[in-house]
Amino acid sequence: MNRFVLADPDQCIGCRTCEIACVIAHSAENPFISPDDEFHFHPRLKVIKSFGVTAPVQCRHCEDAPCANACPNGSITNADGCILINSESCIGCKTCMIACPYGAITMVPEYRNGQPVVQDGLYTNMSGRLQPKERMIASKCDLCEGVDGGPACIGKCPTQALKLVEPDLVHARVEEKRAASARQLLHMTHIPATGL
């Protein structure tokens with residue numbers, strides 16, 4: 001089973017600290033000293049606010065990842081229990097975004113050395129002028145692969161609403177539920193039948 005980050009909506013206050021932590025963990029730039037027009041804010045998770053509930057939505061690193069199965073050129077792979085997107089080979093087709101059952105994948109412009117990467121030979125019409133089109137790539141939670149301290153969102157959440165779900169924890173919870181069900185069945189068989 002793959003690892004993933006799970007949010008407790010009862011604990012989440014919708015502060016978006018997790019989004020900020022995610023951007024900082026994946027950026028070489030410092031958002032607090034970079035000019036607004038030079039910093040690119042693209043978190044790999046998204047806090048959703050609805051009536052009475054707030055929680056971040058992010059990749060669940062599915063075992064049989066629909067995004068990876070849908071990717072036409074193999075840019076999405078499972079690396080030691082973490083579903084990763086290879087931005088170099090991603091063609092921005094959006095197939096993974098459509099296939100994801102959680103809506104955890106977004107398309108973001110690619111930047112190198114603080115500059116947008118443009119697609120060769122592709123232009124967009126902006127106010128009657130053709131301009132080079134930015135290269136768009138798929139983006140999603142990668143469990144802060146390669147970042148010291150694991151998923152940054154977990155460590156920065158002020159209410160501890162996020163936790164990393166490891167396979168051992170899931171197996172232990174399943175065993176607890178099975179034992180509880182067995183105890184309940186055992187208890188039910190010792191209750192005398194009445195009214196028969």
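The values are calculated or read from the model by the stated rules, or taken from the named source; none is laboratory data. Everything numeric in this text was worked out from a predicted model, so none of it was measured. Reconstructed Cβ throughout: ideal geometry from the backbone, glycine too, with neighbour counts over all protein chains shown. Just the protein is used for accessible areas: all its heavy atoms, side chains included, with ligands, DNA and RNA removed. Shrake-Rupley method; radii C 1.70, N 1.55, O 1.52, S 1.80 Å.
Worth a mention:
- Rolling a 1.4 Å probe over the heavy atoms of the protein chains gives the chain an accessible area of 64 Å² per residue.
- For the chain, cysteines whose Cβ has no other cysteine Cβ within reach (under 4.7 Å): CYS12, CYS15, CYS22, CYS62, CYS71, CYS82, CYS90, CYS93, CYS100, CYS144, CYS157
- Between CYS59 and CYS141, the built amide H atoms are under 5 Å apart, and every one of these is 5 or more places off in sequence or on another chain.
- As a fraction of the 1.4 Å probe accessible area of the chain, surface on carbon and sulfur atoms comes out at 55 percent.
- Think of the chain as having a plus end and a minus end, set by charges on the Cβ of Lys, Arg, Asp and Glu; of GLY103, THR189, CYS22, THR189 sits farthest toward the positive end of this dipole.
- A simple spin-label model places pseudo-atoms 7 Å from Cα toward Cβ; at ALA28 and LEU122 they are separated by 2.3 nm.
- Where the Cα pairs of the chain fall when distances are cut into 5 Å bins, in %: 1, 7, 12, 15, 16, 15, 11, 7, 5, 4, 2, 2, 2, 1, 1, 1, 0, 0
- Residues ASN73 and GLU175, FRET efficiency given R0 of 35 Å [Cβ-Cβ distance, rounded to 0.05]: 0.30
- Taking the longest Cα principal axis of the chain as reference, the axis of helix 167-189 is set at about 30 degrees.
- Largest to smallest accessible area among HIS171, HIS26, HIS61 [probe 1.4 Å]: HIS171, HIS26, HIS61
- Helix-derived mean residue ellipticity, 222 nm - over the chain, DSSP H n ≥ 4, -39500 (n - 2.57), to 500: -7000 deg cm²/dmol
- Total charge dipole magnitude, the chain, about the Cα centre, Cβ charges on Lys, Arg, Asp, Glu only, Debye to nearest 20: 600 debye
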